Amino acid sequence: MYVRELQVRYRQRRLPGAVAPLDRLLTPRDAALAFTRLLQDEVVEVCGLFCLSTRNQVLAYHELSRGTVNATLVHPRDVFKIALLANATAIVIGHNHPSGDPTPSPDDLVLTRRLKDAGTLMGIELVDHVIVTPGQYISLKETGAM
């Protein structure tokens, strides 16, 4: 899948008021708002990825996985394949918790560490991992879990 296809898919998935390509994600709150708008109506866990430029402009959005009511599988290989195809220098990963509790699970923390380590090796920074629910979010960057 080429970058153009990623951008087209992002525009098609985009909800009214959601982040547009080339908008900037400068703070954890910006990322949380973008993920909330995209994932707020989902009844299962959905994990998404924003690929960013050196100026934190959104190059592409990609839905990485769709799981069950309390779990979704994400592999670093899939995350960085998309990031490389988008020529991203940084990424923000996020997912929803349909339960309404944004507290990260142990699996969320393990995934974050793996992505951070893999990104360091590849030269693609993991800027944040955001967990959203309607009206709440937790940024692992803000909590110091990264």
Restricted to region 104-121 and to residues being under 17 Å from PHE50 (Cα atoms) and either touching a Lys or Arg at 6+ places or on another chain (Cβ under 8 Å) or aliphatic (A, V, I, L, M) (or both), the residue surrounded by the fewest Cβ atoms within 10 Å (Cβ to Cβ) is ALA118
Just need a number here: residues in region 65-91 that are under 14 Å from the mean Cα position of the chain (by Cα) and under 18 Å from SER105 (Cα atoms). 7
Of the criteria (1) farther than 21 Å from ARG24 by Cβ; (2) touching a residue at least 40 places away in the same chain (Cβ under 8 Å), which one LEU109 fails: (2)
Considering every residue within region 87-102, establish whether at least one is free of Cβ contacts under 8 Å to residues at least 24 places away in the same chain and either in contact with an Asp or Glu (Cβ under 7 Å, 6 or more places away or on another chain) or among the aliphatic types (A, V, I, L, M) (or both). no
Lone unmet requirement of (1) more than 16 Å from LEU126 (Cβ to Cβ); (2) touching a strand residue (DSSP E or B) at 6+ places or on another chain (Cβ under 8 Å) for THR54: (1)
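For (1) hydroxyl-bearing (Ser, Thr, Tyr); (2) farther than 13 Å from HIS129 by Cα, each residue gets a yes or a no:
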site	(1), (2)
GLU42	no, yes
TYR61	yes, yes
HIS95	no, no
ASP101	no, yes
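Only the coordinates and a few stated rules stand behind these numbers; no lab work does. Since the structure is predicted, the reported quantities are computational estimates derived from the model, not experimental observations. Because the Cβ atoms are built from the backbone with ideal geometry, glycine has one as well, and the counts that use them run over all protein chains shown.
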